[in-house]
1. Return the sequence-ordered ³J(HN,Hα) values of the stretch 174-181 in whole Hz as given by the Karplus equation 6.51 cos²θ - 1.76 cosθ + 1.60 applied to θ = phi - 60°, using x for Gly and Pro.
2. Based on the mean of other beta carbon atoms within 10 Å per residue, what is the order of 279-287, 31-39, 166-174, most packed first?
3. What aspartates and glutamates sit close enough to K266 to cross-link, taking a C-alpha to C-alpha distance under 14 Å and skipping anything fewer than 8 places away on the same chain?
4. Restricting to DSSP H runs of at least four residues, report the calculated mean residue ellipticity at 222 nm for the chain, -39500 (n - 2.57) per run over all residues, nearest 500 deg cm²/dmol.
5. Are any of the pairs K223/K294; K71/K125; K137/K315 more than 18 Å apart by Cα-Cα distance, and if so, which?
6. Just the projected area, averaged over all directions, of the convex hull on the alpha carbon atoms of the stretch 294-352: how many nm²?
7. Under 19 Å Cα-Cα from K316, which aspartates and glutamates qualify once same-chain neighbours fewer than 8 residues away are excluded?
8. Tell me the Rg and the Dmax, in Å, that the Cα atoms of the stretch 186-335 produce.
Amino acid sequence: MKALFLSTFAAGALLAGSGAFAQDKVAGLPKTQLQVVGGLSNLTAYQNHEQPFWTKTIPELSGGQVTATIKGFNDMGLKGPEILRLVGQGVIPIGTATIAYFASDNPINEAIDLAGLAPDVKTAKEITEAFQPVYEKFYGKNNVKVLGFSTYPAQVLFCNAQISGLSDIKGKKVRTSSRTTAEFVQALGGSSVTIPFGEVVPALQNGVVDCAITGSMSGYSAKWYEVSTHLYALPINWNQQIHAANQGYWDKLDPKVQDFLQKNIKVMTNAIWEAAARETQEGYDCNTGADACKQPVKGKMKLVAPTDADRALLKKITAETVVPKWAARCSAECVADFNDTIGKALGITAKK
């Protein structure tokens with residue numbers, strides 16, 4: 001089934017990118033049909049932003065000239081780490097995925113989301129934008145056109161165990177979703193466990209893990225509040241999303257369509273960044289049953305507020321463990337690019 005889908009998708013991509021479009025005199029845009037593979041379809045970034053952007057906003061803004069179909073990669077039987085490779089191969093024309101999925105391909109993909117690097121969404125956006133030109137150059141060599149970046153809400157700790165601060169992670173098994181968060185947990189004396197997002201609920205329920213890291217609202221959407229007791233409100237990382245197109249496919253689009261899409265994708269990603277800030281707090285509120293939560297179902301978790309000491313510990317581990325370990329596995333050019341962009345913005349120097 002997966003092979004059939006991919007071969008069909010590839011054929012559709014070639015047809016849609018052929019450039020044989022009928023010109024529209026009113027809108028000035030050629031009739032264009034796009035195929036998009038979005039992020040995780042069960043999360044709010046997809047439901048509230050990506051899907052309506054491609055299926056409603058783009059057609060409306062173009063007067064019906066540019067239309068699109070979209071499905072979350074999980075609905076297609078894909079896991080995530082293969083997305084950019086399929087984009088580069090032209091199998092997926094336009095796709096979205098978590099940049100950290102590709103850390104095993106090249107450590108450069110971890111640069112913007114190292115654990116502890118961005119304690120708030122404003123900082124996360126600043127360092128992402130600072131490093132984007134580096135990614136554009138890097139992925140340009142792999143036939144991938146970077147269209148922009150967005151983010152999920154703050155990635156925080158959900159625990160089915162008593163915790164009052166970071167030091168309580170010692171001795172606990174924690175589900176992590178990236179190498180950098182794994183190194184962060186290990187620096188605290190915890191054990192990192194790799195489990196797919198969809199399998200975390202039974203893992204927490206059955207004691208396979210004591211804690212798990214995900215977005216505050218992502219955890220709410222997946223009902224982690226049913227199997228967790230404590231929510232630790234300290235952003236560890238953000239899980240930024242990369243939006244990209246196959247370069248050959250992109251080049252075959254009419255320049256007016258390229259410009260139209262690029263401008264409006266920027267609007268969409270900015271909206272997702274703004275929503276991430278709101279949803280981080282909404283996740284805290286709804287998982288813990290606060291009055292501010294407007295969702296119909298409320299969790300009963302205990303919200304644990306970080307202390308100044310914990311914020312200092314997070315910063316210390318980032319500077320002394322996370323960044324040095326990352327720099328050791330990234331290339332000299334990669335480290336230099338980090339220092340010239342993110343490092344300069346945060347006053348951090350990575351050493352090779």
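1. Working through the residues one at a time gives 10, 6, 10, 10, 8, 5, 5, 6 Hz.
2. Highest-to-lowest ranking by the protection proxy: 279-287, 31-39, 166-174.
3. Reachable aspartates and glutamates: E50, E129, E274.
4. It lands at -11000 deg cm²/dmol.
5. The answer is K71/K125; K137/K315.
6. 6.8
7. E110, D113, D120, D168, E183, D308
8. My reading of the Cα-based Rg and Dmax gives 19.6, 54 Å.
Every read-out reported here was derived from the displayed coordinates using simple, explicitly stated rules and does not represent laboratory data. Predicted model, so just to flag it, every value in this text is computed and none were measured. Counting neighbours? That spans all protein chains shown, and the Cβs are built from the backbone with ideal geometry, glycine included.
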